[in-house]
Amino acid sequence: MKATHADVALPASVPSRTSPPAPRPSFLSYIWRHKALYLMFMPGVLYLIVNNYIPMFGVVIAFKNVNYTDGIFGSPWVGFYNFKYLFLTNHAWVITRNTLAYNSVFILFNLAAGVTIAILLNEVRHKLLSRFYQSAVFLPYFLSMVVVGYIVLGFLGMDSGFVNKSILEPLGLERIDWYAEPSYWIFILPIVNAWKYVGYTSVIYLAALAGFDPELYEAAKLDGASKWKQIVHITIPLLFPVMIITTLLAIGRIFYADFGLFYQVPLNAGPLLPTTDVIDTYVYRTFLINGSIGMSSAAGLYQGLVGFVLVLVTNTIVRRISKENALF
Amino acid sequence: MISIAQSQSRSKSQLHYDSSKLGQSLLHVLFLLLSAACILPLVLVVAVSFSDETTVIANGFKFWPEKFSLRAYDLVFLDYMQIIRSYGVSLFVTVVGTIISLILVSLFAYPLSRSDLKYRGFFAFLIFFTMLFNGGLVPWYLVYVNYLHLMDSIWALILPLLLTPFYVIIMRTFFSTTIPSELLESAKIDGSGEWYTFMRIVLPLSLPVLATIGLFNTLNYWNDWFLSLLYIDESKNVSVQYLMYRTLNSIQYILSNSAVANGISQGGGSLDLPSKTLQMAMAVVGIGPIIFAYPFFQKFFVKGLTLGAVKG
């Protein structure tokens, strides 16, 4: 936490004035004196214990062969059996590959498109139109993935979807059964993801752009720098910190996929699984549809552990670059 | 934030006004295309929902209803009790969830922001560790279902989103940067207790961040369907999003499963379900409120993103 050095400076001056000089301020008496503040933590602490910490003990399920007669904790231990099964079939490879590949594409594209749109939008002079454009690109962010699933179906439906009926048919091309042909989804999913999130990313960069000192640009203009030069030599370098931080934070989450995008947008279609199955959808499906608790928790723990390492690594890097943007 | 960006770019542009007329036109062309790409897909959904089914089947989805029809809506609202019920569920979850979440987040963030409080690092660790590691879906689900007995309960849709660590970070940063510690100290000298200070001084000064986090929560609750997918089975607590999810899937199921279709027609029922337009009408019913709230949302989102992005 960044505030630890402030800790040292403040309490020395503040409590000594207000409280009577306690001979040896002990841990308990300090807590008691500030009980109001510690009490404020309590609802949250209680919540975290129930919602987050108790389930953490549940990771032992991954090492058990859970059956309902013995109950969760009474079921026999099976060591790494669930993991062995997960990694011996090609499931682990497919879901890991898909999760990493899609997220990498998403991160790169959102970075490039977000920065580009923000810079260009910042150049639009017409105030009203600029606001309209921003609202328009931000709109998809507000729709739930169920709605997005409907929209995609409107475009890719087999019989009357817009693409088959209004683009391919007039061109005299064969209709495509989009929901049965996995290879197309390598492109469809990144397009949908970009459509939904590019507005959001560009707003982050636009907010950063708005904070830049206009004098820098005026000075550059006096020196005869073109618009392009200003963007390359002033705007982009100034945006670098935000770009690096958002990208590194996204890399820290690269092992977690957007469940809705990969589950509902392809309508959970079986034939598409080779290119749409990611760790999160796999965990959900093996657990609640196929009912194999052991396999699902093994995959979940695999995700949790690798994700943990990735966050630690990226946070170390973020700390190196800019301390105040590090998570811890 | 936007207005600053705009006034800034205007003052910049006034310096050499004529040099980039062409550039501006190109920008407008580009952004008009981009805006169309973002808006038109929604227009498609709305247009199809107001179209006649047979025309849609013959000519495909169009961005304007070729033959206007309200039959899809008639059918959607046949089950109007379910729709009203679902709107009720969504509203309840969104309003109650947002309020409780704001209370929890601000209560946790305020003592964290007090740099004079010892041992707060422990509490910071407690919450931020949950961003790094979690037990996974299975144990979490089992705690909710087997120990809290929340299967089919509306609280299963509220509890999971109550305390988001990221919002605690944003609010803590707001408290520690915008509320002067001299103010807190003078309140203390005047005899104000911590609770009184928090509720009468800190919270009223923090309305911008409360509004932002509140809107983030509202959007999360309103758009959530994953929690329903996990925890809701019977139709009593089906939210709008989940109703949309179910409608889409059940129509898909009927259409893709010839046995079901045969069963219906053998049973004397006819399968002239206007499936395409019905689906899209359901989507429109689900999208409705969020579009009306959109301009309001957008304003606060930009503010909130700025708060979060600057972070200090």
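The values are calculated or read from the model by the stated rules, or taken from the named source; none is laboratory data. Since we're looking at a predicted model, the values are computed, not measured. Virtual Cβ from ideal backbone geometry, glycine too; neighbours counted across all protein chains shown. Accessible surface areas use protein heavy atoms only, side chains included; no ligands, DNA or RNA. Shrake-Rupley method; radii C 1.70, N 1.55, O 1.52, S 1.80 Å.
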| Among residues of region A:101-124, those that are away from chain B (no Cβ under 13 Å), open to solvent by less than 60 Å² (accessible area, probe 1.4 Å) and in contact (Cβ under 8 Å) with a residue 60 or more places away in the chain, counted | 8
| query | Residues B:166, B:174: which one is more than 15 Å from the chain's Cα centre (by Cα), within 12 Å of another protein chain (Cβ to nearest Cβ), at pLDDT below 90 and within 23 Å of residue B:116 (Cα to Cα)? | reply | B:166
| field | Residues being more than 18 Å from residue B:165 (Cα to Cα), free of Cβ contacts under 8 Å to residues at least 24 places away in the same chain and more than 8 Å from chain A (Cβ to nearest Cβ) - total across region B:92-119 | value | 1
| task | Give me a count of the residues in region B:119-133 that are more than 25 Å from residue A:310 (Cα to Cα) and either hydrophobic (A, V, I, L, M, F, W, C) or surrounded by 17 or more Cβ atoms within 10 Å (Cβ to Cβ) (or both). | result | 1
| task | With respect to residue B:54, determine if the residue is β-branched (Val, Ile, Thr) and either part of a loop (DSSP other than H, G, I, E, B) or open to solvent by less than 30 Å² (accessible area, probe 1.4 Å) (or both). | result | no
| task | Determine if region A:142-160 includes at least one residue that is within 30 Å of residue B:25 (Cα to Cα), at the interface with chain B (Cβ under 10 Å from one of its Cβ atoms) and open to solvent by less than 20 Å² (accessible area, probe 1.4 Å). | result | yes
| message | residue A:166 - would you say it is assigned by TED's automatic domain parsing to the domain that holds residue A:227 and touching a Lys or Arg at 6+ places or on another chain (Cβ under 8 Å)? | response | yes
| message | Which numbered condition in (1) open to solvent by less than 20 Å² (accessible area, probe 1.4 Å); (2) in contact with a Leu (Cβ under 9 Å, 6 or more places away or on another chain); (3) of a type in the set (A, V, I, L, M, F, W, C) is the only one that residue B:109 fails? | response | (2)
| So which residues in region B:155-171 are in a helix (DSSP H, G or I) and open to solvent by less than 30 Å² (accessible area, probe 1.4 Å)? | B:156, B:157, B:160, B:165, B:167, B:168, B:169, B:170, B:171
| query | So which residues in region B:79-109 are assigned to a helix (DSSP H, G or I) and either among the charged types (D, E, K, R) or in contact with a strand residue (DSSP E or B) (Cβ under 8 Å, 6 or more places away or on another chain) (or both), if there are any at all? | reply | B:85
| From A:219, A:250, which residue is more than 21 Å from residue B:23 (Cα to Cα), within 19 Å of the chain's Cα centre (by Cα) and open to solvent by 20 Å² or more (accessible area, probe 1.4 Å)? | A:250
| remark: Those residues of region A:53-78 which are open to solvent by less than 50 Å² (accessible area, probe 1.4 Å) and touching a helix residue (DSSP H, G or I) at 6+ places or on another chain (Cβ under 6 Å) amount to A:55, A:58, A:59, A:61, A:62, A:66
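Let's see how each residue does on (1) open to solvent by 60 Å² or more (accessible area, probe 1.4 Å); (2) among the hydrophobic types (A, V, I, L, M, F, W, C); (3) in a loop (DSSP other than H, G, I, E, B):
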site	(1), (2), (3)
B:135	no, no, yes
B:139	no, no, no
B:149	yes, no, yes
B:175	no, yes, no
B:184	no, yes, no
B:198	no, yes, no
B:210	no, yes, no
| request: Just one of (1) modelled with pLDDT under 90; (2) within 30 Å of residue A:294 (Cβ to Cβ) trips up residue B:139, so point out which. | output: (1)
| Can you pull out the helices (runs of 4 or more DSSP H) entirely within region A:192-288 that have at least 2 residues that are under 29 Å from residue B:151 (Cβ atoms)? | A:259-263, A:273-276, A:279-284
| query | Give me the pairs: first residue in region B:165-182 and touching a residue at least 40 places away in the same chain (Cβ under 8 Å), second residue open to solvent by 20 Å² or more (accessible area, probe 1.4 Å) and β-branched (Val, Ile, Thr), beta-carbon distance under 6 Å, and six or more apart or on different chains, which are they? | reply | none
| request: Looking only at region A:44-52, decide whether some residue is farther than 19 Å from residue B:136 by Cα, open to solvent by 30 Å² or more (accessible area, probe 1.4 Å) and at pLDDT 90 or above. | output: yes
| request: Would you be able to say whether some residue in region A:229-239 is within 11 Å of chain B (Cβ to nearest Cβ), open to solvent by 20 Å² or more (accessible area, probe 1.4 Å), polar (S, T, N, Q) and in contact (Cβ under 8 Å) with a residue 12 or more places away in the chain? | output: no
| Matching residues, region A:163-178, being open to solvent by 40 Å² or more (accessible area, probe 1.4 Å) and facing another protein chain (nearest Cβ under 10 Å) | A:167, A:169, A:170
